[in-house]
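For reference, the structure discussed in these notes is given below.
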Amino acid sequence: MTGRVTDKRRYNPDGTPRAPETEATGPESEAPASEPFADEVTQLRAELDAARRRVDELARGLQEVMRDRDDFKQRIQRERERMIEVEKGQVAQALIEAIDELDLTLAHDDGSPFAQGIRLIRDKLLQKLAANGFERLQLVGRPYDPNAAEAVDIELVTSPSQNDRVLAEQLAAYALKGRVIRPGRVKVGRYLEPAKA
């Protein structure tokens, strides 16, 4: 019984074994066999490059999303802090108005125990404000600053050193973290040179 040989690399078409010297060797025989592999390698490299580009693109997109998220968190935090400052300012306004009333009462301090009690209450309220970051600005004797106070009165002074200086305070100024939340009302000195005869 004779079988048909299908292995064409070792046998001739008629079924006889191929002689070793007739087997194809050399670069021309490898070209057809390696050509499909070369095409496949080229295709795989192209796919790998495309995949790398896609990964880079996705990584950049992820980094951008993370930056946006961090920026959003910072914006939310700043907004929250600003809202807290506004709320603190509103609460402080009520305390400041109460302190103003106590200051008016103490303007006529007669040294009585009642006046001393009012002074203690006023000082305690000022301490509470200071503990929460509020500062009562000391304006008397300093140069007039329109950002910190409103000039409601002007007094002529005899000394040039008192020109544009705050002489008296009718209403105290308050600041929170360096920002004036309630401007004061002050009397400012104005020096005029005497007329020469």
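Quick notes on this structure:
- Against the criterion of being at positive phi and not hydroxyl-bearing (Ser, Thr, Tyr), Gly178 qualifies.
- Candidates Arg75, Arg136, Arg80 - the one that is among the basic types (Lys, Arg), surrounded by 10 or more Cβ atoms within 10 Å (Cβ to Cβ) and within 30 Å of Gly189 (Cα to Cα): Arg136
- Pair list, Cβ < 9 Å and 6+ apart or interchain, from segment 181-197 residues that are without any contact (Cβ under 8 Å) to a residue 60 or more places away in the chain and closer than 19 Å to Val152 by Cα to residues that are surrounded by 10 or more Cβ atoms within 10 Å (Cβ to Cβ) and among the basic types (Lys, Arg): Val188/Arg165; Gly189/Arg165
- Flag if Ala168 is free of Cβ contacts under 8 Å to residues at least 40 places away in the same chain, within 27 Å of Val86 (Cβ to Cβ), in contact with a Lys or Arg (Cβ under 7 Å, 6 or more places away or on another chain) and surrounded by 12 or more Cβ atoms within 10 Å (Cβ to Cβ): no
- Within segment 105-158, being part of a loop (DSSP other than H, G, I, E, B), in contact (Cβ under 8 Å) with a residue 24 or more places away in the chain and hydrophobic (A, V, I, L, M, F, W, C) holds for Leu139, Val140, Ala148.
- Test: Ala92 is closer than 16 Å to Phe134 by Cβ, among the aliphatic types (A, V, I, L, M) and either without any contact (Cβ under 8 Å) to a residue 60 or more places away in the chain or loosely packed, with under 11 Cβ neighbours inside 10 Å (or both): no
- Of Gly178, Gly184, Gly189, Gly141, all but one fail to be surrounded by 13 or more Cβ atoms within 10 Å (Cβ to Cβ) and over 16 Å from Asp103 (Cα atoms); the exception is Gly189.
Values in this text are rule-based calculations from the coordinates and carry no lab data. Just so you know, these numbers come straight off a predicted model, no measurement behind them. Because the Cβ atoms are built from the backbone with ideal geometry, glycine has one as well, and the counts that use them run over all protein chains shown.
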